[in-house]
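Heads up: the structure comes next, in structure tokens.
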Amino acid sequence: MLAFLYQRIRNNILLFVMLLCGAILASAIVSCIPMYSNAIFQRLLIKDLEQMQKDTTKYPGTYSVEMIGKSREEYQKVDKIMYSKYASQISLPIKDKTAVIITDPFNIEEERKTKTWRKSVISSIAAFKNIEEHITLLHGRLPENNSQNDVYEVIVSQNAAKNLDLILNNTHILTKTVSYSETKTIAKVKVVGIFTYKDKADAFWDEDNYRNLDDRIVMLESDVERITENRELLKIYSMKWMYFYDYYELKSENIKKIISTIYEQRLTARVNLNLLGVVEEYLSRQKDLSITLWILTLPFIVIICFFTLMISGLIVKNDENEISVLKSRGAGTFQIFFLYIIQSLIMAGIAFIIGPILGKSICRIMGASNGFMELVSRKSLPIRITAEIYQFSLLAAAIFVVFVLIPAFRACRTSIVQYKRKKNTENKQAIWEKFFLDIVVLLISVYGLYKFSDRQNVLQKTGASGQELQIDPILYMISTLFVIGIGLLFLRLYPYLINCIYQLGKNRWNSVLYYSLINTRRIESNARFIMLFIILSISFGVLSSNQARTINQNLEDKIRYETGADIVLYPYSRVVLDSPMSPAKSFIPPPDPVALRNYKPEVLEYDEVPYREYQNLDGIEGITRVFEEEKSIVKGNSVDLEEVKVLGIVPHEFAKLAWFRNDLLPFHINKYMNVMTQSPNAALLSKDMQEKFDLGDSISIQWGKNKENTLLCRVHGFINYFPTYNPYPDNNVTFASEELNGVKWKTKSLVVVNFSTLQSKLPGIRYNIWIEKKPGVTDGTINDQL
Amino acid sequence: MADNKNLVVECDNLVKIYKAKDLEVVALQGLDLSVEKGELTAIIGKSGSGKSTLLNIIAGLERPSAGKVFVDGKDLLKFTDKELKEFNRSSIGFVWQNTARNIIPYLTAQQNVEVPMMITGHKSRSAWAKELLQMVGLGNKRNSRLGELSGGEQQRVAIAISLANSPRLVLADEPTGSVDGRTAHNILEVFSRLNKELGITVVIVTHDMRISKMVNRVISISDGMIGSELFKTDCLSHNIDNSDIQSFISKTHDEFAIVDRKGRMRIPEELMTKMNIKGGQKLTIHENDRGFEVFVDSLSK
């Protein structure tokens, strides 16, 4: 049997190899998509977590389990299982860990011989595991455990020493107020050391851990156990276990599990993981991204299925004779079909194994190239083959097997007598032709297009964020369907077309043309298949590349529109006073939150670098000054509008420099600039203000903390769009056409005025500098000069 | 139904009608046939007379439109499709005229003989395959492929293939159609030997005149019915004219007109022209002391 199979494959070896290549390619592409999205997702996620750490100063990988108000035995019980039952469930490596025990509050006072009235302060004990590694001792030493002594050794933070009035090496008494007159002594403590944190950015001090020490004394763990033995005197208030995971090891495989583990653990305890929120949001976005990517590969999958069908059909056609021989020897339909099943399984098996490996290479190339298929140097993506990838590969292999077996199934069912007869009958119409599938498909795509443009209108009105919709899957599918429909229609009409050509010159064609025309009129069903295949592959290729180009272009345009010019500079330096962290009068970029967490910078002065110096920079094509103010109040016509954006521009420079698509406004932007140049107090208003103001109206614009800046202008025109102007900045909008009626959406308004007018009325205003680079100049050269 | 147990093939009033596009073709029109066990029979007839259809029906590859057919005592009409296939596999051996129908080109001769055994699921195939090839005289060529065998050798392999599942009945559709005289003789010798030594019933459909020398009984079909049968005479004459099969055979065989079960009879064509009778002619049958005689009524026109 095996020898027979081997001989069969060898007989058709070329076709088999082609089919195998198709299968491997299909498997590779199908594995590539999830691999790529996983890799991108992982990289973006880690970036976002890093950003989160910068913005909120919290370490994302912090995991904490907290218990409040339980008995000591319960704490001890949980402590034992904390690692095995909780922490180890999170499949990330643990960088560090700690456990914080906090006791109930008590009074603390200095032990004095004389009974002068002394104010007692409320404090409580905190014990941190591993605290020694995260603090630097300013004075004194670390506490030692000497259990025979009834004086506990403690250390306190700098702030605690100040707040609790604790002095080094002094003994203090902890007392508890039982009743109005009676106080019980809990224990005696001696402060042996004062510390501060070793590294403020240490994750160890997350969750306000350091702040919590401001009014607490820190004891050894073992001492806390001893001191709380008598529940009457002192109880443990809470215990918090913290584990710090290395979030760089977060991978797409373990994310779902981690999330579900946290939720599961939350049923029994107060569990928190800092990165949970970011990760959850990411999961939903990843799903959208996945769907989009899959739809993008749809045409390719169509082609591969087609290709498989075609080649398999050829193989079966070659085997027709052999099938009839086998049938005449009494082979059953299923027996012959079984041979094909085995053949296809062999190919599918090879493709299943090799496919993902090839897919990984494709991903790597994709990750290292830009939108136009040029290789750029970029940090490589973390691409990995996981079990999930193999699932996709398996699915691809299964679909491949189905398509391979379709022609085989049809062939196996004919008996030898039927076969002999079939060879001599004329070719019937193909299935799709009979059912006019091509017209149906075309109609579906046209309908889809109509629906889509409808939807687009709704979206525009509701102002939904363009981000998710850039690669609208519906449009993509419609295009794909359209291509298929047109291809089939062409095949149907093609003979008639040739016939027309033939009829036109019936008596004039030379013999070669005559013969070719007549022959081409009758297309063999095989040839038709190949023709359809070529049509589809070329059209899908062109379609995809066009779409990719458009998507890229749109993205770029969006960025350019929002920024306005190649480089936007804010040419002022900020001065920060009253801060121990930085010397006065230095150029500091927007403050680093980690460094300045507890201190409020006071900004006093602005130094300005003269505009002329910027104008002398090398490598710039154009430069202009632009005034931008986000929150201004526009008054006029007894109307008050708040939060209006104001742009002050130099029209002739601005028009040359700012990037703007000419189809966004009814007239070319230069015309608007001309209008502004002609009247110094001209103002252009955004379209949404058109209902409140009219051409020629006077308006006043005010901004500033005390509304000290005012400008009077005249309305000269209305604009829909302008560089850097986003009329719908609110991105969290759901688009449902029902909500559109009767609901007023918040739009941002814009007023454009002349910069020179602005500067002449208010000389000290601060502006941005917009620069256009000469072609070929990199950002680096400009940067260096600055 | 006399000699029931001894009959390998028994056909009763077989009718087969094909529908091709808008045309209906009646291939068999009430054909009766019986073949005894161990016979070596030839069926001759013009093209379009229905020989191949008859063979297909006997082999179980087609179903008749009407009539009865029993092969090896089994009623083929009572078989389901699956049973028919099983029957064809185990009881029938088929040799086609075109070698492309018989042999799979990229397999060796031995592998080809093993294929039918693979289909029915027999285990130890190679021993029997070798023996079969030995029997047809191709023991040393068992590892040759289609392209390496001559026409005659290909047909002999085809015969070996047909015997792979030890069938009771071997059917051959023009086995010597595409080979020359010498080779045809070899092929027919093989058939003859198999028939004599193994006792396998063989039915050959053919044009070939040379077969008649080997064969005892020749059945002539025309227009979908049995026309006449010819049986070998004991005396042979040496001056044989090879040009016309009918005249040739008439020298070595005696021709008998066959009356079918319903009493119909076919008068051979030359006899019709000799007797100057056309269709619609009245005949009278008289009984006399020698038996029955048929007279043409010369008076009626």
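If you take the residues of segment A:517-543 that are without any contact (Cβ under 8 Å) to a residue 40 or more places away in the chain and closer than 29 Å to A:Thr297 by Cβ, which of them is farthest from the chain's Cα centre (by Cα)?
Of all residues in segment A:517-543, those without any contact (Cβ under 8 Å) to a residue 40 or more places away in the chain come to A:517-523, A:527, A:534, A:538, A:541-542.
After this cut, where a residue has to be closer than 29 Å to A:Thr297 by Cβ as well, the list is A:527, A:534, A:538, A:541-542.
Numbers: A:Ala527: 46, A:Ile534: 37, A:Ile538: 32, A:Gly541: 28, A:Val542: 28 Å.
The qualifying residue farthest from the chain's Cα centre (by Cα) is A:Ala527.
Mind checking which pairs have a first residue in segment A:173-199 that is within 13 Å of A:Met219 (Cα to Cα) and a second that is among the acidic types (Asp, Glu) and modelled with pLDDT of 80 or more, Cβ under 7 Å, 6 or more apart or different chains?
Every condition considered, the pairs that remain are A:Lys190/A:Glu153; A:Val192/A:Glu153.
Within segment A:751-784, which residues are within 16 Å of A:Tyr611 (Cβ to Cβ), surrounded by fewer than 15 Cβ atoms within 10 Å (Cβ to Cβ) and modelled with pLDDT under 80?
The answer is A:Pro763, A:Gly764, A:Arg766.
Can you go through A:Ala99, A:Ala28 and tell me which one is among the hydrophobic types (A, V, I, L, M, F, W, C) and not assigned by TED's automatic domain parsing to the domain that holds A:Thr228?
Numbers: A:Ala99 fails: not assigned by TED's automatic domain parsing to the domain that holds A:Thr228.
It is A:Ala28.
Answer yes or no: is there a residue in segment A:655-676 that is modelled with pLDDT of 85 or more, aliphatic (A, V, I, L, M), in a strand (DSSP E or B) and closer than 19 Å to A:Asn768 by Cβ.
No, every residue in segment A:655-676 fails to be modelled with pLDDT of 85 or more, aliphatic (A, V, I, L, M), in a strand (DSSP E or B) and closer than 19 Å to A:Asn768 by Cβ.
Keeping to segment B:133-147, report how many residues are more than 14 Å from chain A (Cβ to nearest Cβ), under 26 Å from the mean Cα position of the chain (by Cα) and not small (Gly, Ala, Ser).
The qualifying residues number 5.
Would you confirm whether any residue within segment B:151-163 is within 28 Å of B:Ala42 (Cα to Cα), in contact with a Ser or Thr (Cβ under 7 Å, 6 or more places away or on another chain) and not in a helix (DSSP H, G or I)?
No - not one qualifying residue is present in segment B:151-163.
With segment B:1-106 as the region, which strands (runs of 3 or more DSSP E) entirely inside it contain at least 2 residues that are surrounded by fewer than 20 Cβ atoms within 10 Å (Cβ to Cβ)? Reasoning before the result, please.
Working: elements: B:7-20, B:23-36, B:40-44, B:66-71, B:92-95.
Qualifying strands (runs of 3 or more DSSP E): B:7-20, B:23-36, B:66-71.
When B:Glu153 is evaluated against the numbered criteria (1) among the charged types (D, E, K, R); (2) more than 30 Å from B:Leu14 (Cα to Cα); (3) within 11 Å of another protein chain (Cβ to nearest Cβ), which criterion, by number, is the only one it fails?
Result: B:Glu153 passes all but (3).
Looking at A:Arg216, is it more than 19 Å from A:Tyr75 (Cβ to Cβ) and among the charged types (D, E, K, R)?
Values: more than 19 Å from A:Tyr75 (Cβ to Cβ): no; among the charged types (D, E, K, R): yes.
Spelling it out, it is not the case that A:Arg216 is more than 19 Å from A:Tyr75 (Cβ to Cβ) and among the charged types (D, E, K, R).
Could you tell me which of the residues A:Asp199, A:Asp206, A:Asp150, A:Asp223 is over 25 Å from A:Glu74 (Cα atoms), buried (at least 17 other Cβ atoms within 10 Å of the Cβ) and among the acidic types (Asp, Glu)? Give the derivation first.
Details: A:Asp199 fails: buried (at least 17 other Cβ atoms within 10 Å of the Cβ); A:Asp150 fails: buried (at least 17 other Cβ atoms within 10 Å of the Cβ); A:Asp223 fails: over 25 Å from A:Glu74 (Cα atoms).
The conditions single out A:Asp206.
List the strands (runs of 3 or more DSSP E) inside segment B:251-301, counting only whole elements, that have at least 3 residues being surrounded by 10 or more Cβ atoms within 10 Å (Cβ to Cβ), modelled with pLDDT under 80 and in the same structural domain as B:Val215 (by TED's automatic domain parsing).
On the way: elements: B:253-257, B:283-288, B:291-296.
Strands (runs of 3 or more DSSP E) meeting the threshold: B:253-257.
Quickly run through segment B:46-83 and pick out the residues that are within 10 Å of chain A (Cβ to nearest Cβ), modelled with pLDDT of 85 or more and within 15 Å of B:Leu169 (Cα to Cα).
The answer is B:Asn56, B:Ala59, B:Gly60.
Yes or no, residue by residue, for (1) in a helix (DSSP H, G or I); (2) surrounded by fewer than 18 Cβ atoms within 10 Å (Cβ to Cβ); (3) in contact with a helix residue (DSSP H, G or I) (Cβ under 9 Å, 6 or more places away or on another chain):
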| position | (1), (2), (3) |
| --- | --- |
| A:Leu293 | yes, yes, yes |
| A:Val302 | yes, yes, yes |
| A:Ile311 | yes, no, yes |
| A:Val316 | yes, no, yes |
| A:Val325 | yes, no, yes |
| A:Ala331 | no, no, yes |
| A:Tyr340 | yes, no, yes |
| A:Phe352 | yes, no, yes |
| A:Pro356 | yes, no, yes |
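So, restricting to helices (runs of 4 or more DSSP H) that lie completely within segment A:366-439, which ones have at least 2 residues that are aromatic (Phe, Trp, Tyr) and at pLDDT 80 or above? Let's see the steps before the verdict.
Details: elements: A:387-412, A:416-424, A:431-434.
Fully inside segment A:366-439 and qualifying: A:387-412.
Out of all the residues in segment B:110-130, which are among the basic types (Lys, Arg) and either part of a helix (DSSP H, G or I) or not assigned by TED's automatic domain parsing to the domain that holds B:Ser166 (or both)?
Within segment B:110-130, B:Arg125, B:Lys130 meet the criteria.
I'm trying to understand the selection: among the residues of segment B:40-69, which are closer than 21 Å to B:Lys85 by Cβ and of a type in the set (Val, Ile, Thr)?
Answer for segment B:40-69, where residues must be closer than 21 Å to B:Lys85 by Cβ and of a type in the set (Val, Ile, Thr): B:Thr53, B:Ile57, B:Ile58, B:Val69.
Going through segment A:71-109 one residue at a time, which ones are assigned to a loop (DSSP other than H, G, I, E, B) and β-branched (Val, Ile, Thr)? Explain how you work it out, then say what you get.
So in segment A:71-109, the residues assigned to a loop (DSSP other than H, G, I, E, B) come out as A:71, A:90-93, A:104-105.
Selection gives A:Ile90 alone.
Could we say that A:Ile46 is modelled with pLDDT under 85, within 30 Å of A:Leu381 (Cα to Cα) and not aromatic (Phe, Trp, Tyr) here?
no
Do any strands (runs of 3 or more DSSP E) entirely within segment A:137-232 hold 1 or more residues that are within 15 Å of A:Ser120 (Cα to Cα), and if so, which? Break it down stepwise before answering.
Working: elements: A:151-157, A:171-177, A:183-197, A:216-219.
Correct list: A:171-177, A:183-197, A:216-219.
Select from segment A:60-96 the residues that are of a type in the set (D, E, K, R) and over 21 Å from A:Val279 (Cβ atoms) and list them in ascending order.
Kept after step one, since they are of a type in the set (D, E, K, R), are these residues of segment A:60-96: A:66, A:70, A:72-74, A:77, A:79-80, A:85, A:95-96.
Of everything in segment A:60-96, those that are of a type in the set (D, E, K, R) and over 21 Å from A:Val279 (Cβ atoms) turn out to be A:Lys70, A:Arg72, A:Glu73, A:Glu74, A:Lys77, A:Asp79, A:Lys80, A:Lys85.
Identify the residue in segment A:211-248 that is under 17 Å from A:Lys97 (Cα atoms) and among the charged types (D, E, K, R) and, among all such residues, is modelled with the lowest pLDDT.
Going through the qualifying residues, I end up with A:Glu221.
Quick check on segment A:1-56: of everything there that is among the hydroxyl-bearing types (Ser, Thr, Tyr) and farther than 30 Å from B:Ala109 by Cβ, which residue is farthest from the other protein chains (Cβ to nearest Cβ)? Please lay out each step first, then the result.
Keep residues of segment A:1-56 that are among the hydroxyl-bearing types (Ser, Thr, Tyr), which gives A:6, A:27, A:31, A:36-37, A:56.
Filter once more, keeping what is farther than 30 Å from B:Ala109 by Cβ: A:27, A:31, A:36-37, A:56.
Details: A:Ser27: 29, A:Ser31: 35, A:Tyr36: 43, A:Ser37: 46, A:Thr56: 72 Å.
Per the stated criteria, the residue is A:Thr56.
The values are calculated or read from the model by the stated rules, or taken from the named source; none is laboratory data. All of these numbers come straight from a predicted model, not from anything done at the bench. As a convention, Cβ positions derive from the backbone with ideal geometry for all residues, glycine included, and neighbour counts pool all protein chains shown.
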